[in-house]
Every structure is written in C-alpha cells, then in structure tokens.
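The block underneath contains the structure these notes are about, expressed in structure tokens.
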Amino acid sequence: MDTDRPGTSRAFRFLARAAHLTPAAAWDLADEPLLVGDVFPLTTPPPPPATPRPPVPELLLPWVSGDVDRPGARIRLRAKADGRHLRDVPAVRPTFHDWHEKWLAWSDRETEDRPARARHDLLLRAAELARHDRHDLLLGVGLLTTTDTDAEGRIGGGPRTLRRHLLTAPVVVDVGPDGHVRVAVDAYARGLTLDLRGVPAAHRPARGIADDLHAAARGLEGSPLDEEAVAPLLARIRAALPTPPSTAAPDLAWAPTLLVRRRGTVDPEPYRRLADRLEATPASLTHVPTPTPDPRPGAGPEAPDDLTTVADLTGPEGEALHHAVHHAETVIDTTGIDPTPLAAALVAHELREGRRVLVTGGATATLRAVHAHLPLDLRPLAVTVPDVAATDDDLTNAVETITRRFTDLDRDAVDRDLAASGRTLRLLRDERRRLLDQAETSREAETLVRTHGGHTAPLAELVRRHHDAAAEDGWLADLVDAPTDGPCPVDADDLRAALDLAGDEALARLARGFHGRRHDLARLPDPAEFARLVARFDEDAHDAAGRARYADDPAVRRLSSASTEDRARLVTLLGDLADDLCAAADFPGEWMEGAIRDLRSATPQEWHRAATVIGDLVATATEKVGAVGRDVDVVEALDHPAPRARYLRDHLREVGPLPVDRHGIPLGGIDLPDHVRAADPLFRFVRVDGRPPTRLEDVEAFLRHLDAERALDELDAAWPASTVVPEQDSLTARLDCHRTLWMQFDRIVALPTRLAAVTDHLATLGVPLPDWADDDAGGDLLARLAAADDVAATTAHAAPLTHLVIRLRDELADGGAADAARRLHDAVLALDPGGYAHAWEELAELDRRHDDLARRAAVVPRLRVAAPRLLDALDSAPRAWWEARLPRLEEAWRWACTRTWLDEQRRDDPTAFPSELARLDREIRDAAELGTRLAAWRHAVRADRLTPATRMALTLHTYLHRRLAGAGGSPRQYRELARIRRRCRAAVPAWLVTAHRVPDLFLDDPADRPVVDTVVVLDAAALDLGATFLRAVGPRIVLLGAPTPVTPATAGAADTNHADAWDDASRGHATDDPAARDLTTRRTRLAERYLGTERAGTWGDPTTSLFTEAVRRRGIDVRLRPEEDGGDEPPAPTSTASRLAAVLASRGYDVRTGALVEGRHLDLVVTDPERPSARLAIVCETSTWDGPEDHRRGLEHQCRIERHGWTVHRMRESELEIDPARAFAALRRVLLDQGLHPRDDREAPGAPDSPAPATTHHAAARAS
C-alpha cells in the first residue's frame, strides 16, 4: 500500500492511535446535574437584575455583626462596641429594627433570584465558549466512575479515580436579543456518541464489542434525558466493560449534565472505520489522485477568464478557481486575503456544473460569510451547520425550497434561458476581449515609432520636437485651419500681392462694393437723360388728374394694371353676355323675363332642368322624324289611326299585300276581312309616297309618322304656356321650329356660365365683382374698363423708366452686381435724379479701376477661402514682420499640419478602458449569476439526483414538519421527523460544516450521509493532521490557508479539568512544556511505526497542519497575494513621473514615487495623512512599455486595487506633451473629487497650476 499519500489505511490507523495520546478532556459547567427533571429543550428567561443591598446606617456600623452581603446570613447586634454598651446607646435598636426589616426583604429576594442568575450566567458562559469556536457543548449521560492503575495517558504514577461521561450528544445554545437562553440537542445529531478514550485500558472492551456499542449508541431513538430510554444502553455498556480480578468494578450512572470539551480532540473511531473500509474495499474511499488536469471530454480546459463565476474575483483568485476546477487537489495560499469570496465562487461553480460540495475547516462566522457571498437564489441549496444555534431551520428551508422547485420548475423554459444566458456570456466575453485588444492597441500606439513632418520618433518625442520649432515656425498655426497633411493652399507671391494692395484704402472701399461684375454704362441713360424721363413722367401724372372720378376705384386700378390681352378678353366676354341678353329679349314668351332673373340669381337649376328636358324631347323628335323615311300625307283627320294601322300591319304580315285596283284601292268589297274593312279610312285619306298604304312597308312608314307626330306634340306641350310656337305643315318644319327655339333657349340658359366666365376673369385680375342682379352692372363695368384703358395708356409714357428698372433689377438678380448698381436701381424706383447721378459716378470709377480690382480679386478670394484669418492679419503687423516670415511659409505650414495631426492622436482616453472593463465584468457576473442559478436548480431537481425515495422523504418532511410546527406532536413523531430529515440530506448539494462535525454527517452512516464531489477546506492551516479524514469525503479537495504551523493548543495538549488550564496550555511553548515534549516524542514513535521514518518527522510533529503537510508534499499551486519582496528596489521613475511628482510636490501635495501596492509598483501615489482613505494612484503611460501581457496585468491590478478603495488615474506622456494645461486640469479634478488637497492653500513660489504654453513647455517643466 502506498503510504506516501495521506488518506491511506495506515495513515488512518496512525491517526486513530494518536488520538489516544490526547484523551477527550471535558468538564462540568456546574457541580450538580442541571438538567435532571428539566424540560428539554430548555428555555431560560433572563433573571431579574440584582437588587442593591440596603446600606448599613453609619450609626449601626460598629454594632452590626454578620455578613451583610450574603443573603440568609444571621445578622445580630453586638452588646458592646467602641467601649460602649448597647444599653448606653438607645437609638441603636430602633434604627437596627428599621434597617433589618429592609435587609430581610432584600435577602429573601436574593435568595430566590441568585440561583436563577447563576444558572443564566452559566449558560451564557457556555454559549460564549462555543461562539468563539474553541469548545464544544455536550449533553453528557452515563457517568463512569473507576480507578485507573495504568500509567498510559498520564505523566507521573499512582492510581487515581476517573470520572468520565461515556455518552454525549452535541448541544447548541441560542441567546435571543431579549436575553432568553435556549438549550437544545443539535438537530443534526444522530443518537449518542460513545467515547471510550477515557476508559482505562483494564476496562476497555474488545474491538468488536466496542463497534457494537458505538452502533447501539448511534441508533438510540429516545431522548438522552429519558432515563428509561437510556437505561438499556447503560446496562449493555456496563456489562461489556471487563473487570480484572485485582480491580474494583466500574460504576456507570445516568447522571445527565452539561459538559464543555475543548475542540481538537477527535474521536478515533472514524479513523478506524475509514481504515477498515479502505482495507476491505479500497474503492470505497477516495485517495488523493495525482494533480493532473481534468477537462471535460472533447474540449480543453477553460481559460481562467472564461470560467463562469458569480463573484468579483481578482486575477489570482480566478487562476485559483480554474486550478481547483480542473485538478483533484489544489493548495491555495490565502495570506492576507479573505478566502470567502473565492470559496463562494467555487461553491457556485460546482453547483452550476451539477456537483456536490462541502465547505469546512473555517469558523462558524467564516462559513456564514461564505453562505452570505452566495447569490440569494442559491442559498437554499447550501445548508450551514454551525456550532452555535445549529437548528434545523436551514435544512428545513432547503428541503421545502427544493420540493417546491421540483414541482414548479419549467425545465424547457430553464433550458431556453440557459442557452440565452450562454449566448449573452459569450457575447460579453468577446466584447471584453475586444476591449482588452483595443486597450493594448491604444497603449501600444504610445510606443510606436512614427514618421510625420520629416521626423521619425515616438509620439511624445515628436511632440517635443514640434514644441522646439514653435518659436520659428509656429506663427502660421493660429492663422490657418491646417489638415494633417497636404500642400499649402497659399503661396508667398499671393501673400505679397495681397500685402501690396492692403494699403490702398480707396481700392479697398471700391472692392467692398464690387462683387465681380462689370456694368455696361452705355446701355443706361446718363444722369441728364434720366432727369428728362422723370420730368415727362411727372407731366403725365399731372394730366391724369382729369380722371379723378376713378382715381380711387379699385376696379380701375386692377384693370389698368392688367395686360392688354386680359382687358381685350374681358371686352369679348362682356360683348357675348350682352348678345345673350338681347337674345333673351327676342324670345317668344312672356316667361323669359322671369327666367332671366332666375338665371342671374343663385338658383338657376330649374331652368337648367327645363332646358335639359326640352333638349331630350328635341333629340327624340329628331330621331323619330328622321326614322319616317317616306313622304306621308294625311288628307283629313282620322279616328284611331294607330289601331287601324296596327291591325292592317298584322294582316299584311300574315297574308301578304292586298290586291288593289288601278287607283291603289284594295279589291274585294264585302268579302274583305274585318281588319281590312276597318282600315278603309286609311286607304281613303292617307297617302304614302302618293298612294294608299296597302303594302306592309307603307303601313309601317305611316306608324312611324304617327310616332313622330306624338313626339312633336309632346315637345309642344313641354314649352312654358306663354311660348309662341308657329304653326307648320310638315313634321320637318315643326321640328326645325322647335330646334330653333330650343337652341335659343339653351343659349339663354347658359347665361350663368357666361356670367361665371366673366366673374372668374375678374377674380383672376383681382377686380371687385359686380352685382349681376343689377341691370346696369354690365354698363358700369364697361365704363370702368374704358377708364382703365386710359390709365394704361398713361402708364405707357413711363415705359423707358419701367424698362430701366427692369434692366437694373435683372442685373441685380443675376448676381455679382456692385453695390452702386443697387443704389442706382433704388434711385430709379424713387425717381431721384441726384441719387442716380451719384451711383452713376461710382460705377464709372469702378470701370476705370477695373484692372486693379481684377488683380485684387485674383488673390484675395483665394486667401479668403484658404486662410481668412491670415488675410485679416495682413494689416495687423508691419510689412517688415511679414517679409521676414514669408520665406519660411512652407515650413510654417508643415508645423501647423503637424499640430493638427498631433491633436488627432488623442483618440482614446486611457482612463475609460478600466471603467469600461469594470462595467463589462459586472455584466458578465450578472449573466453568470443568472446562468448559475438556472443551471444549479436544473441540476438540483434532476430525476437522477432526486430519486423516488428522496422525493418521498422530502414530501414527508414538509408535511410532518408543518404538522408538528402547528399542533405539536409526540416524541415518537419528532424522532420520525429526525429520521426523515437524515434521509433528506442527500437532496442538498452544498454543505457548510465545521471540521469537527464532518465525521458525524459524512463518514458515519453510508445510507444517510450526503454525497460530496468537492471538499473546500477553509483555514486549513488551523487544522492538524487529524483532519485528514476530509480527504475521504470527496474525490476533489481544495485547501485554503496560510503557511503557518499549528500551535500545540490546536494540535492537542495534556489533560486538564478546566478551560483556564487549556488556555494556559495553549500559551505554553512546545519546547518549554514537558507535557508537550512528551506528546511530540510519543507521536513521532507512532508515526515511525505506522508510516515509516521518512514521514515520521512530518506526521509526528503535533504542530504540522493539514495545509503544511500538503505544502511540503506538493507545494503551493496558487498564491492569492503575489509575493512581495520588501527588499526589491522600485524601478527608477520615468521623466514623466518625475515631472508630475515635482509639480505636485511644489503645489503642496504628499506624493511618493515607486510605491509597491499589492505586488505592483505604482508610478505615483498621492495621499493625505489626515484622511488615510483618500488615496490616488497615478499611472504614467510613457513611450516605453513591457508588452501587452504586462499592460493587461496592469489593468487587472487597477481593477483590483480600485475594489479595495483606491482611485487610479492614467496619464499618457503624449497627452502631457501635447496639451499640458488640459492634462493637469484633468488631474486636478481627480484630486478634488478624491478630497486630496495641498498642505496649505498658498501656491508655492514658481509652481503654477499648469506649465506654460507650448512654446515654453520644457522651460516650465525644468523650472517646476
């Protein structure tokens, strides 16, 4: 068997045997059994406070005898005191009587209350001992009394009487805020624990019998305070204890009491059981595998940045989490670092992956801190089992929550949300990687060698060279808007030409009014001709006074302004309207006058309908008259001609044409048919084409003739009653008469349309509309039209002036006209001969100096577009100043382009990358927390995780717990609830348990103990090698601790009967204490016997901790805090850091260079001695760097120290060189935001807030 690995059977045998070297030391809390006859759980209310004793009057001080401070004491008066007899002082007795009555009342109260206070104080002391994680509280029964004659386990010889409680159960004490103390058996305990270490060797039972007794004690279902329930077990133990012939039989009594046992003394039985199981079935226990990676199938291990973590971990913590996830054993150095966030992140990760985890080793407060670091939704999956107040509330909450989630969880929805969360995480991580790449690219840009303006160097050096040339070439930069590169838009010749023209004030004045267009004065009248035109216009205006009648008539004004064509068209429309009215007057009908009135009104619809009806009748009659087609003559009026003709037609259709004589009369006489005889009047009086209608076509033509007559008759009846229709002989004549009347009537009916045409034309011309109901409206309109023609004729006299105005207006509209041309136009409009003459002379001057203006226009506009400020500056300096600078125009242009290029290099804010990185990390943690919650609960309620038996146990637990909580129950029901609770443990995936309680929960009963995949040991350096059993709990173990040895107190010490003795022993040094030296010697011998000589030094040393052994065996895998060697000298500060430090120091700030903060040197640190929390770190990004990896570590280091209260400001060397005022202003804002102020408000001499402008930048820096 491999004895080099911890956790093998021989190692457990050694630990079992070594446990006997430090027997369990326990002592009673009181001299009497406190719990006999008490109801358990025991609740003790806070006792009444102590009442102050009535003070003894000064008169009675010499006379009172007895202990007045002890309640129940006998108090009497002395017969003699101070040389006087009692009878000589009569005031003593009444005074004593009054005081003694008060004292007796106080004594009675204190006699009743002091035991309750003592008991309450005793329980508070027990809770205090357990709260500091140094002792265990036990309920002890089965008091063994025997005589030890064996020398093993003690120093010194001689027999002694031993008193040990063999059966114990863990007890928890809760102290409420109101002072109530509740004592109860631990809800997680199972039965009783049998401890035979205190039994002398002569009375110890055989190994097999002892195992049976242990099992019987664990299986006890009754209460330890029930003597009848414990008596069979005590009798069995008493019978199993052998009694040698020369010794007295041991006595075993029930004797329940509260015990206190110092922690660190582990029961050897778990080690023996582990060794037996390992030797019987080696696969039943998990040995420590070699530390090889354990990635998922088909994929490599996740990078530390890709691990799904819910905590805000630093880089080393993420590396530790990555190592712990992919290795079977991980040793993490947590010196100076709180390990609880890392432990909580590891627990959350294991729950996400569907694994079970145990967190142990730390104190109760540490375990609760780990639990508090878990996301709120994951806390029901993690049950904390502390030492104090260990009730079943956590487990009950977990059981009920898991039961509810198993029923309510929508697995398909969770799978979809998990997929969405995974996509979100991938996107955020990709964005984070891109951000880091951008940060690295941005930082690398500061170090790249660039070429611009004929110089090749890093950006900061280019800035310095640029500043050096500012005195000679910087004059042009503020006068032009230069690009980053390109040719100069102006040349020296143009500037010289503009400089020559700059002094001609008259030309400048003309140029201001000249806009590029040269006016032809020959096309314009000269000032004298314009004066004559104005005079003639005035004469015409005087002649227009005769038309004063229409001077203010709006119709005349509008008509006179209309064109000749519009007025001619209006005359035509009015003439047509007059013709229509004349036609209406000639119409043969008296009703026409009323019709005309109606047609002029707003309701002509009735006459329009009449015209439509008559028109339809005319069309019908026209059609029917045209359909006759024959010459039909009716000689005399006939009776019923139509029926006769129809009967005759029917007969002809049937028999054919009638036989006729030579006159066309039908033959036959009386033999003719009735229809033919009835048609006899037709034959006599009707002629079709001159003959009687004896043929079918003749009869049909006569019928059509009758239809035409009826249509004309209807047309006669359609006209109004007073209409005179002339009589006519033929159908065609009648139809022509009606058609003529209808056409005349239709024209009259169209009168509103003609009125509308006139009205629309007047509206188009803007002429007010007349009242057409007035018969004189047309005449008045014609008179106004004649007056308008006269006005138009008068206006024609002003045509030359009008044409002049139009020509000037067109020239102005074309653009480029001079200001004088505009004034000339205004003078024409105003008929101002004087203004016209002045503008004419100015245009003549522009024409004479056109060549000078053209030369100026060829230069100045280009300069105005390319460099307007440069053009304006030509007059601001002497000509000699410009003559000295124009030869270096090209160099000055390149300097200006370089300045623009340098301004564009400030693309990224170096302080923005860490803040954006922190934001992304927060979003990643939020998404990871969501995915972790979903995945953890998805795994927690899996069907293979929650077997039918486990689900049944969960359901029964919920039902029984609620029932007992509401109505209470019998002890049997409570014992059944405890058994069900143990079966529910397998459903809980995460446990937080102190180390000494792990064996009871995870190594005792294989059927009920929870399964664990990962064991996380907090503060492993505080656990001795006795905690090696933790390696048997799960296949993966993570040890967190600091590499400090275990003290003898934590490893075990000599037996004592009181806690103070234990405290004294813990303060003793191992080399000075004979008991400690003896313990080390005996432990080393046992290690040589079981583990060999090579491992005896490690395992035989009681100060060796679980962490120390792992470090010696495999080293430290991850250090959460990088090693800091205080002797390392900080790197020499850069020139940028030195400049900043000099300026800040001169301003009165407390600044240091090269400070080492959490393993990394910072360029500058500004602090305030009066406010230690105000700390600012300044990182200078210069033109040299240590590569992208170091920059990424720097960003992560910044995020880490910012979480610890630091503020970090990044300043680039190029930013400081390009715009020092802006850089120092930003730094000053950060200083003010952090509350960092100079030592005084007075400025140091020669230390300005920011360096001087660019031209004196280096001088200011050297001065500061």
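The values are calculated or read from the model by the stated rules, or taken from the named source; none is laboratory data. Keep in mind that this is a model prediction, so the values were computed, not measured. Don't worry about glycine lacking a Cβ; one is built from the backbone with ideal geometry, like all the others, and counts go over all protein chains shown.
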* To do: Please state which of the following conditions A1110 fails to meet, knowing it meets all the rest: (1) touching a Leu at 6+ places or on another chain (Cβ under 6 Å); (2) in a strand (DSSP E or B).
  => (2)
* To do: Considering every residue within the stretch 928-937, establish whether at least one is part of a helix (DSSP H, G or I), touching a His at 6+ places or on another chain (Cβ under 6 Å) and at pLDDT 80 or above.
  => no
* Asked: Given the conditions (1) out of contact with any Ser or Thr (no Cβ under 7 Å at 6 or more places or on another chain); (2) of a type in the set (D, E, K, R); (3) farther than 30 Å from S876 by Cα, which single one is not true for E446?
  -> (1)
* Structure fact -> When restricted to T898, T911, the only residue β-branched (V, I, T) and at pLDDT below 80 is T911
* If you go through the stretch 85-104 one residue at a time, how many are farther than 15 Å from P57 by Cβ and surrounded by 13 or more Cβ atoms within 10 Å (Cβ to Cβ)? -> 2
* Structure fact -> Across the stretch 646-659, the tally of residues that are surrounded by 12 or more Cβ atoms within 10 Å (Cβ to Cβ) and not in a helix (DSSP H, G or I) stands at 2
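Residue-by-condition table, conditions (1) in contact with a Leu (Cβ under 8 Å, 6 or more places away or on another chain); (2) at pLDDT 75 or above:
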site: V463; (1), (2): yes, yes
site: L476; (1), (2): yes, yes
site: G503; (1), (2): no, no
site: L507; (1), (2): yes, no
site: F514; (1), (2): yes, no
site: R523; (1), (2): no, yes
site: A528; (1), (2): no, yes
site: V534; (1), (2): yes, yes
* Which residues, taken from the stretch 1158-1193, are over 29 Å from V449 (Cβ atoms) and of a type in the set (D, E, K, R)? -> E1158, D1168, E1170, R1171, R1175
* **Residues of the stretch 878-928 classified as under 30 Å from R416 (Cβ atoms) and out of contact with any helix residue (DSSP H, G or I) (no Cβ under 8 Å at 6 or more places or on another chain), total** => 4
* Asked: So, of the residues in the stretch 619-645 that are part of a helix (DSSP H, G or I) and of a type outside the set (A, V, I, L, M), which turns out to be nearest to D674 (Cα to Cα)?
  -> R644
* Asked: Can you name the number of the only condition in (1) part of a strand (DSSP E or B); (2) farther than 29 Å from R899 by Cα that P1169 fails?
  -> (1)
* Enumerate the helices (runs of 4 or more DSSP H) found wholly within the stretch 827-908, keeping only those where 3 or more residues are under 30 Å from A460 (Cβ atoms) and not charged (D, E, K, R). => 889-904
* Structure fact -> T447 fails exactly one of (1) polar (S, T, N, Q); (2) touching a residue at least 24 places away in the same chain (Cβ under 8 Å); (3) part of a helix (DSSP H, G or I), namely (3)
* Asked: How many residues does the stretch 677-699 contain that are surrounded by 20 or more Cβ atoms within 10 Å (Cβ to Cβ) and assigned to a helix (DSSP H, G or I)?
  -> 4
* Name every residue in the stretch 1162-1186 that is free of Cβ contacts under 8 Å to residues at least 60 places away in the same chain and over 22 Å from S1214 (Cβ atoms), in order of residue number. => V1165, P1169, E1170, P1172, S1173, R1175
* Got a number for residues in the stretch 234-271 being modelled with pLDDT of 75 or more, touching a helix residue (DSSP H, G or I) at 6+ places or on another chain (Cβ under 6 Å), under 20 Å from L139 (Cβ atoms) and in a loop (DSSP other than H, G, I, E, B)? -> 1
* Structure fact -> Within the stretch 358-374, residues being crowded, with 20+ Cβ neighbours inside 10 Å and either touching a Leu at 6+ places or on another chain (Cβ under 7 Å) or assigned to a loop (DSSP other than H, G, I, E, B) (or both) number 9
* Check the stretch 895-912 and report whether any residue there is closer than 30 Å to R352 by Cβ, of a type outside the set (D, E, K, R) and in contact (Cβ under 8 Å) with a residue 60 or more places away in the chain. => no
* Residue count, the stretch 1142-1161 (criterion: touching a Lys or Arg at 6+ places or on another chain (Cβ under 8 Å), over 20 Å from E1213 (Cβ atoms) and part of a strand (DSSP E or B)) -> 1
* Structure fact -> Note on R496: of the conditions (1) modelled with pLDDT of 80 or more; (2) in a helix (DSSP H, G or I), unmet is (1)
* Asked: Residues L307, L321, L274: which one is of a type in the set (A, V, I, L, M) and modelled with pLDDT under 70?
  -> L307
* Structure fact -> Checked pairs for the stretch 217-244, first under 17 Å from Y974 (Cα atoms), second crowded, with 16+ Cβ neighbours inside 10 Å and of a type in the set (S, T, N, Q), C-beta under 8 Å and 6 or more apart or across chains, list as R218/T193; A229/S223
* Give me a count of the residues in the stretch 412-430 that are touching a residue at least 60 places away in the same chain (Cβ under 8 Å) and either hydrophobic (A, V, I, L, M, F, W, C) or farther than 18 Å from E929 by Cα (or both). => 4
